[in-house]
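The values are calculated or read from the model by the stated rules, or taken from the named source; none is laboratory data. None of these values were measured; they are calculated from a predicted model. Counting neighbours? That spans all protein chains shown, and the Cβs are built from the backbone with ideal geometry, glycine included. Side chains are part of the model used for accessible areas, which takes the heavy atoms of the whole protein and leaves out ligands, DNA and RNA. Shrake-Rupley method; radii C 1.70, N 1.55, O 1.52, S 1.80 Å.
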Amino acid sequence: MLVKTLFYIYSKHNISRQHQRHTQIYNIFIIKYNFFIIYFLIQFQLNCKYISIELEKENKNIHRGKILHESLKNHLSKIKEIVEAAGYKYGTFYKHKNDPNLSYEIIAKYGNAMGKDFSVEFPEMANLPSLILVDKGNNRKSYEQLQNEVQELREKYSHFLDKHNTLLEANIALREENIRLKEEISELRQQTN
């Protein structure tokens, strides 16, 4: 019986040691895992700061006037009409389009005139509540205005089509002249030989 008791105490002591060892290994694993998570979060924050710094540098290199000019060029209305609707003279627009640091207030006025929200191109504008970016209530055109615009576009199209056809005819004439000159050159070469 004494041997059984001693064996039981010894085995319980070994089990206790094994349990302690497993607990230690588990604790070491948890500590390493926590360090890994902390390291990952620190790296993530550093990358986010780096990205935001790079975006700030990138935004500083943005030429606001050029972006405004491209938007106006791609709009259906004429540039002069938009400039006047924004409350500026046509000559002032050239100053605006050449200004790399054009103020957001001026950009917002052009946006109101053309019905465009420039906070897409300039996200900083969304953080300025003093700017009313787009007043969508008065952007509708009457049926007559739309018909006039369509007629103007048709006239422009036919004008450019006429110019294109004239250029094609001139190109054909030049090609025929080129062929004729090449034939004359070859005849002259054969006569001299």
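Which of the residues that make up the range 78-98 are touching a helix residue (DSSP H, G or I) at 6+ places or on another chain (Cβ under 7 Å), under 9 Å from ALA113 (Cβ atoms) and open to solvent by 20 Å² or more (accessible area, probe 1.4 Å)?
Result: ALA85, GLY87.
Is there any pair linking a residue in the range 66-78 that is under 21 Å from LYS156 (Cα atoms) to one that is open to solvent by 50 Å² or more (accessible area, probe 1.4 Å) and outside any helix (DSSP H, G or I), with Cβ under 7 Å and at least six apart or on different chains, and which?
Final answer for the pair search is SER71/LYS116.
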